[in-house]
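Take a look at the structure set out below.
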Amino acid sequence: MAELVNVTIDGVTVAVPKGTLVVDAAKKIGNHIPVFCYHPKLKPVGMCRMCLVDIGTPKIDPATKQVVRDENGNPVIQFMPKLTTACTTPVSEGMVVRTATEQVRAAREDILEFLLTSHPLDCPICDKGGECPLQNLTLAHGPGVSRFDYDAKFHNEKHVPLGELIFLDRERCIQCSRCIRFQDEIADDHVLQFHDRGRGMEIITFSDPPFDSYFGGNTTDICPVGALTTADFRFKARPWELQSAQSICTHCAVGCNITLNTRLETRHGGFEIKRVMPRQNEWVNEIWICDKGRYVHHFTRSEDRLHLPLIRREGRLVESTWQQALQLVADTLRAADGEIVLMVGDRIPNEDAYLLGQLGRAIGARVSVSPNVPSHYADVARAFGVGKDADFKRLGRGDLVLAVNADVEEQAPVWFLRLRQAVVDRGAQLIIAHHRSTKLHRYASAIHRFEVGRAPEWVQQQAETLAQALQAARHALIVFGDEHLDGPRARALAQLLANLLLQSGHAGRSDSGLLPLYPHANTQGVCDVLSPHTALPPAARVVWAVGVGDPQELPPAGFYIIQEVLHTALVEQADVVLPSLTFAEREGTFTSGDRRVQRFYRALPAPGEAKPDWWIAQEVARRLGFEWRYNSPAEIFEALAKDVPAYAELSYAALSRVVEQWPPIGREDLYYGGTAYDNTGGIGARYAAEAETRALPPYDVTIPEPTIAGLKRGPRMLYRDGELIRRSALLRARMVSLQQVA
Amino acid sequence: MLREKRAQDIEKVLAKYPPERRRSAVMPLLYIAQEEYGYCTPEAIREVAEIIGCDPTEVKSIVGFYTMFYEQPVGKYVIDVCDDLPCALRGADRFVSHCEKKLGIRVGETTPDGKFTLNTVMCIAACDRAPVLQINKQYRYALDEQTFDRMIDELP
């Protein structure tokens, strides 16, 4: 526990940890000192002067070094001759802060008048209008009228693209440098800087490509004015028109908490997502999200969405009713005599995967995941994953992060931010082993290389040295990926790493464990609740593929049931197509790569007659004679928790728990932490790793020989070249012809 | 390429800093670039960034902050006239107007023949002999219209 010091702010005395800044101490007791440049996640710079307050400390007698006391025995407080910035001054014992004086009021008014001298006041056309710190603080503390002639204002460029995704309005910028500091201190992409000085000072980028960072969108959240806007959202909606729903990002296994902002749109006959915003969860993504999470949402209203069930008649897929399609599916499954493969993708929520698994087993199907889901080591992660209460924030000096075959920024961008901070800001040691360089390599204290696809052999050879390094560490986090490894070899790698944890005494300890880099939001969850077979049979009578996504090889079968959200190439192979819902149109839970189970909520109405996967599974089951009567994912989760041992301690109520978080985000505090949303939907809960509950033996590992297919499994990058974010049949056709020309 | 043209000078500068503190060499390297090209060209900025291992944006920011790094081509002679308060009290305003007239350009411009660039600058610490200017960083003190004209006419 850090040493506490007492500080009195406007007559209220509070004890805060030594080193706390006056502005934060005041915030803790509800005294909202206004700020622009200060941000609780960034280092203070004291640039904007908005937080000026009157600060005094007990007078010390230079001769005796004792506190001077008045006749009543109270310390004499000596105030500084001028106002001081609350954002750069740490508290000290006995400090007295005055924020309600006439001097402070006048200073706030002056600073705002000063900031507004060259501000265009184009709030009516500004994207930030309505959720703008400058607007709000001017209303609260600023002058009522301007003494400046509008025409005499300093004008500047208004639509400056800093990159493909972020635009800068130079007139609105108040030079707080939050964006620059975010890119320097958090993202470590130094693509923004100031140029020139005085009145000519402006934000520039001179990088090539310009503003290119996986985290750039966050700068628009923390920008206290409308200077930075995203190409995706600018001029699309006003903040007060937006509805919000709490959700979970599906693009990787971090499980970032997000808020989907939607608005009624006539063109889609209903609501559509206007923007994706971060939602605070200090145990997962703090208040950040990556750009893929922020921008890749248009697929929810893609023209390729499936709206109605389709049945193949005379070689063509024709629209049908649910009644017809479900009956056909049920009849086909009944006649298949158990020669069925049920294949589930890893974007399917836990409840749906669980119900599908139950049905699959009941009808004798081979229950499996789609071939590109790395299911081979999910049980190893379940046993030796990070502890139930692990918190990346605690990792620091004395701890070790071992990254094997892992490109963390590409495969789990927000984990990259958090591990980087553990190493760079808090002094954890980082050892990396990979066959190529990654961004994480910048912070490594030791770098090892192995041949492409040789990670398991390398770990086996280095086992002794690695175990020693792990043993010396207080906590050990091992993050690993499956680049150039097939399932069995990736499993061997996971097992070898688990053995290292056992050998070094870290197995089952809270802040230690394995951290696998899975591809999607629910890879761990689907494997947990489905217990899938890892091998597919060579052929089957019926293949039922649920949310398996990209076109790929399916086992040969006489009949294909494709359950999908988009009209993928796979749909063209189908005999029956069942349209399902995306995460945005329903509720449910996902289990992240670090086994945190989190709820997401419905943001959009269903397109056409598309239905959630659990509803489809239940309707098919009922036609096969099962008496299932689930009304919602919540009820299914209850059944799941009774059935899947790891989830026994979890419930929807437990997952919806919210707690006070620091810094305060959203609500009345837009100016403080930015426009990210506060968490009212639940911070989720992690289930315990098996190693935490009982002693586990080491794995007996034999590394299988590499396969060509495994070696060809290239790195899974966050962005794939040529991958379309907005699906378009026309553009796709043209791109293929372009590639052929090239 | 700066690295080929001024390899020795660059090595000499880099030798002054420990390898992990290479970034500290940014200003001396920019001076080399400016000597070589007359101003800090975009290519030179990128090259300096590469040499010291940081982002070109950071180097560009330094060039933008310091007035003695030029981002645009300048004349053979760069004339920086002080128009800060003490010089202004000694008639720097009128003096600058005269300079403009004599050179036929406005402050911040370069003569069409590329010979002279005229700037005004903040205090250059010679108030006792105002008005004062620097021509290619060499001081000229206690100027008036005649001495300025003579100086300009005599320059090769």
Filtering region A:687-736 down to residues that are among the small types (Gly, Ala, Ser), touching a helix residue (DSSP H, G or I) at 6+ places or on another chain (Cβ under 7 Å) and either modelled with pLDDT of 95 or more or on the phi > 0 side of the Ramachandran plot (or both) yields A:689, A:691, A:722
Have a look at A:181, A:197, A:147, A:170 and point out the one that is charged (D, E, K, R), touching an Asp or Glu at 6+ places or on another chain (Cβ under 9 Å) and under 30 Å from residue B:71 (Cβ atoms). A:170
Do we find that residue B:86 is under 20 Å from the mean Cα position of the chain (by Cα), surrounded by fewer than 17 Cβ atoms within 10 Å (Cβ to Cβ) and free of Cβ contacts under 8 Å to residues at least 60 places away in the same chain in this structure? no
Condition (residue is β-branched (Val, Ile, Thr) and within 14 Å of chain B (Cβ to nearest Cβ)) applied to region A:261-280: is it met by at least one residue? no
Residues that are outside any loop (DSSP other than H, G, I, E, B), open to solvent by 70 Å² or more (accessible area, probe 1.4 Å) and within 14 Å of another protein chain (Cβ to nearest Cβ): does region B:97-116 have at least one? no
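Can you find a residue in region A:476-490 that is on the phi < 0 side of the Ramachandran plot, of a type in the set (Lys, Arg) and open to solvent by 20 Å² or more (accessible area, probe 1.4 Å)?
no
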Counting residues that are more than 14 Å from every other protein chain (Cβ to nearest Cβ) and touching a strand residue (DSSP E or B) at 6+ places or on another chain (Cβ under 9 Å), which strands (runs of 3 or more DSSP E) fully inside region A:181-251 reach at least 3? A:228-230, A:243-248
Quick check on residue A:401: is it crowded, with 24+ Cβ neighbours inside 10 Å and modelled with pLDDT of 95 or more? yes
Collect the residues in region A:83-131 that are in a loop (DSSP other than H, G, I, E, B), crowded, with 20+ Cβ neighbours inside 10 Å and β-branched (Val, Ile, Thr), keeping them in residue-number order. A:89, A:91, A:99
Selection count where residues are open to solvent by 50 Å² or more (accessible area, probe 1.4 Å), on the phi > 0 side of the Ramachandran plot and free of Cβ contacts under 8 Å to residues at least 12 places away in the same chain, scope region A:27-82: 1
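This table checks each residue for (1) in the same structural domain as residue A:579 (by TED's automatic domain parsing); (2) among the polar types (S, T, N, Q).
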| position | (1), (2) |
| --- | --- |
| A:285 | no, yes |
| A:290 | no, no |
| A:297 | no, no |
| A:304 | no, no |
| A:317 | yes, no |
| A:323 | yes, yes |
| A:327 | yes, yes |
| A:333 | yes, no |
Members of region B:37-77 that are exposed (fewer than 15 other Cβ atoms within 10 Å of the Cβ), under 17 Å from residue B:5 (Cα atoms) and more than 9 Å from chain A (Cβ to nearest Cβ): B:43, B:50
Restricting attention to region A:258-290, and to residues there that are of a type in the set (A, V, I, L, M, F, W, C) and not in a strand (DSSP E or B), which single residue is farthest from the chain's Cα centre (by Cα)? A:283
Per-region count, region A:349-366, residues in contact (Cβ under 8 Å) with a residue 12 or more places away in the chain and farther than 11 Å from residue A:529 by Cα: 7
Condition met for residue A:134 (buried (at least 22 other Cβ atoms within 10 Å of the Cβ), touching a residue at least 40 places away in the same chain (Cβ under 8 Å) and away from chain B (no Cβ under 14 Å)): yes
Can you tell me which residues in region A:271-318 are surrounded by 22 or more Cβ atoms within 10 Å (Cβ to Cβ) and on the phi > 0 side of the Ramachandran plot? A:286
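Please verify whether residue B:26 is in contact (Cβ under 8 Å) with a residue 40 or more places away in the chain, open to solvent by less than 80 Å² (accessible area, probe 1.4 Å) and within 26 Å of residue B:136 (Cβ to Cβ), treating the condition exactly as stated.
No: the conditions fail for residue B:26.
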From the set of residues in region A:169-180 that are within 13 Å of chain B (Cβ to nearest Cβ) and at negative phi, which is surrounded by the most Cβ atoms within 10 Å (Cβ to Cβ)? A:179
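The values are calculated or read from the model by the stated rules, or taken from the named source; none is laboratory data. Please read these numbers as outputs of a predicted model, since none were measured by experiment. Using ideal geometry, Cβ is built from the backbone for each residue, glycine included, and neighbour counts are taken over all protein chains shown. Just the protein is used for accessible areas: all its heavy atoms, side chains included, with ligands, DNA and RNA removed. Shrake-Rupley method; radii C 1.70, N 1.55, O 1.52, S 1.80 Å.
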